[in-house]
Amino acid sequence: MLPDGKHLVGVFATRPLPAKTVLAKYRGEELTYAQLSARYPPGGPRIADRVVQLPGGRFIDGSTDPHWTNEIVSTYGTKLTPNVVLTEAGNVRTTKRIRAGQELLAAYGGNFWQQRRAK
């Protein structure tokens, strides 16, 4: 992670990473959509920036357990392609070979951005 003076910005590989490498578990509290909606109701506070959607409609709120995996940047609104995914078990896994120094990028899931736009 690289400091920008106030925040940590992104996660960068310190060594080459082969495709399909499990890097770590995305840490935080696992929630259903109903629990997520109750925690971050429409018209209430914006959804936490560290909420990710797992396959199967489950979510992890990474704001409850700070970890480097919570700093992986989303590709939303860019032309960049994700190079890591969250597995159904909540693991961060590379989708292709990543060079040393390359930023790790993920897609956070459709409901994450629907919730943010609703605010």
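Looking at segment 94-101, can you tell me whether even one residue there is of a type in the set (A, V, I, L, M), modelled with pLDDT of 80 or more and exposed (fewer than 11 other Cβ atoms within 10 Å of the Cβ)? Yes, segment 94-101 contains at least one residue that is of a type in the set (A, V, I, L, M), modelled with pLDDT of 80 or more and exposed (fewer than 11 other Cβ atoms within 10 Å of the Cβ). Among residues of segment 29-58 that are closer than 18 Å to residue 88 by Cα and modelled with pLDDT of 75 or more, those with a beta-carbon under 8 Å from a residue that is assigned to a helix (DSSP H, G or I) and among the basic types (Lys, Arg) at least six positions away or on a different chain give the pairs 31/39. Is there any pair with a first residue in segment 80-103 that is at positive phi and a second that is among the aliphatic types (A, V, I, L, M) whose Cβ atoms are under 8 Å apart and which are 6 or more apart or on different chains, and what are they? Pairs found: 90/54; 90/60; 101/13. Within segment 57-96, restricting attention to residues that are of a type outside the set (Phe, Trp, Tyr) and part of a helix (DSSP H, G or I), the residue that is farthest from the chain's Cα centre (by Cα) is 64.
Name the single residue that is nearest to residue 69 (Cα to Cα) among those in segment 2-28 being modelled with pLDDT under 90 and surrounded by 13 or more Cβ atoms within 10 Å (Cβ to Cβ).
If we filter segment 2-28 for residues that are modelled with pLDDT under 90, which is where we start, we get 2-10.
Checking which are surrounded by 13 or more Cβ atoms within 10 Å (Cβ to Cβ) leaves us with 8-10.
Numbers: 8: 12, 9: 12, 10: 9 Å.
Top of the filtered list is 10.
The values are calculated or read from the model by the stated rules, or taken from the named source; none is laboratory data. Keep in mind the model is a prediction, meaning the values are calculated, not measured. No Cβ is skipped: glycine too gets one built from the backbone with ideal geometry, and neighbour counts run over all protein chains shown.
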